[in-house]
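Step one of this worksheet: look at the structure below.
The values are calculated or read from the model by the stated rules, or taken from the named source; none is laboratory data. Keep in mind that this is a model prediction, so the values were computed, not measured. Don't worry about glycine lacking a Cβ; one is built from the backbone with ideal geometry, like all the others, and counts go over all protein chains shown. Side chains are part of the model used for accessible areas, which takes the heavy atoms of the whole protein and leaves out ligands, DNA and RNA. Shrake-Rupley method; radii C 1.70, N 1.55, O 1.52, S 1.80 Å.
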Amino acid sequence: MSEELLQHKLQAIAHHFGNIAGFIHLHPSFTSSEIPAFPPREKAIVKHIFLIAKHLQPFFQSRVFDYRHSFLTVHRLDGAFGLDYRFNYSVISGGLFGLTKTLQWEWPGCLARSLDLDPTFDVETVVKHIMAEVHDCNQHIREVAYGAYGRVTLQAVLEG
């Protein structure tokens, strides 16, 4: 998982298939009961996704093509942004939620979004929700959860 190999693979994909228009990261499940509490494998994966974003930047900031780019990270916390406390999950992947929020600002016109899907969903349900988000026209939403409450997004509320 070296940065040089990653860069080479992305260039090869672009050479053979053209501009890269989308990226979806399906984050593996790590429970917080694993020893150590912050699995080194998960840290390495999160770091690698940041590097992928770095090397996708030239493709995703390109205005040459007439389509929207998309960068999605998919997590299996609990389908409620980790607030339902039904499952024991690792918090390391939370860095990817921050990454997609940042990319939404850095890459105007790109759909950058993090999804939290209930870990009990079957493959067909997971694919259905991912595809719904890829095709969502609202680019202002940065985080979406699907779980016991259906589709949930976060909303800031100003008080005072």
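Dipole of the chain (Lys/Arg Cβ +1, Asp/Glu Cβ -1, origin at the Cα centre): which of 131, 145, 69 lies farthest to the positive side?
The one lying farthest along the dipole's positive direction is 69.
In the set (1) 19.1, 69; (2) 16.3, 55; (3) 15.9, 45, which value of Rg and Dmax of the Cα atoms in Å was calculated from the structure you see?
(2)
Could you size up the charge dipole of the chain around its Cα centre, putting +1 on the beta carbon of Lys and Arg and -1 on that of Asp and Glu, and report it in debye to the nearest 20?
340
Determine the percent antiparallel among the DSSP beta bridges restricted to the range 14-160, to the nearest 5.
So the antiparallel bridges amount to about 20 percent of the total.
Go through 52-58, 72-78, 118-124 and give me the packing order, highest mean Cβ count within 10 Å leading.
The densest-packed peptide leads the list: 72-78, 52-58, 118-124.
Which whole-Hz ³J(HN,Hα) couplings does the range 114-130 yield from phi under the Karplus relation 6.51 cos²θ - 1.76 cosθ + 1.60, θ = phi - 60°, glycine and proline marked x?
For the range 114-130, the Karplus curve yields 10, 10, 10, 10, 4, x, 8, 5, 7, 4, 4, 5, 4, 4, 4, 6, 4 Hz.
Which of 58, 85, 117 sits farthest toward the positive end of the charge dipole of the chain, with +1 on the Cβ of Lys and Arg and -1 on the Cβ of Asp and Glu?
Final value for the positive-end residue is 58.
Could you work out how far helix 40-60 tilts from the main Cα principal axis of the chain, as a 0 to 90 degree angle to the nearest 10?
Tilt relative to the chain: about 40 degrees.
Could you go through the range 149-160 in sequence order and give the Karplus-derived ³J(HN,Hα) for each residue, using 6.51 cos²θ - 1.76 cosθ + 1.60 with θ = phi - 60°, rounded to whole Hz, and x for Gly and Pro?
9, x, 8, 10, 10, 9, 9, 7, 10, 8, 10, x
At 0.36 nm per residue, and after removing the present C-alpha to C-alpha distance, how many nm does the segment from residue 9 to residue 88 gain when stretched out fully?
25.0 nm
Considering only protein heavy atoms and a 1.4 Å probe, what is the carbon-and-sulfur percentage of the accessible area of the range 76-160?
58
Using r as the Cβ-Cβ distance of residue 29 and residue 105, and R0 as 35 Å, what FRET efficiency do you calculate, to the nearest 0.05?
That pair, residue 29 with residue 105, gives E of 0.75.
Take the alpha carbon gyration tensor of the range 93-138, find the square roots of its eigenvalues, order them as a ≥ b ≥ c, and report rounded if a/c is under 1.5; if not, report prolate when a/b exceeds b/c, else oblate.
The shape class here is oblate.
Starting from the 7 Å offset along Cα-to-Cβ, what nm value, one decimal, do you get for the label separation of residue 57 and residue 138?
Once both label points are built, they end up 3.0 nm from each other.
Can you list the residues, at least 5 places off or on another chain, whose amide H is less than 5 Å from the amide H of residue 77, using H built in the peptide plane?
Close amide H contacts, sequence-distant or interchain: 117.
Tell me, what HN-Hα J-couplings in whole Hz come from the Karplus equation 6.51 cos²θ - 1.76 cosθ + 1.60 at θ = phi - 60° for each residue of the range 80-86, using x for Gly and Pro?
9, 6, x, 9, 8, 6, 8
Over the chain, with the other protein chains present, what is the accessible area per residue in square angstrom, probe 1.4 angstrom?
Value returned for the chain: 59 Å² of accessible area per residue.
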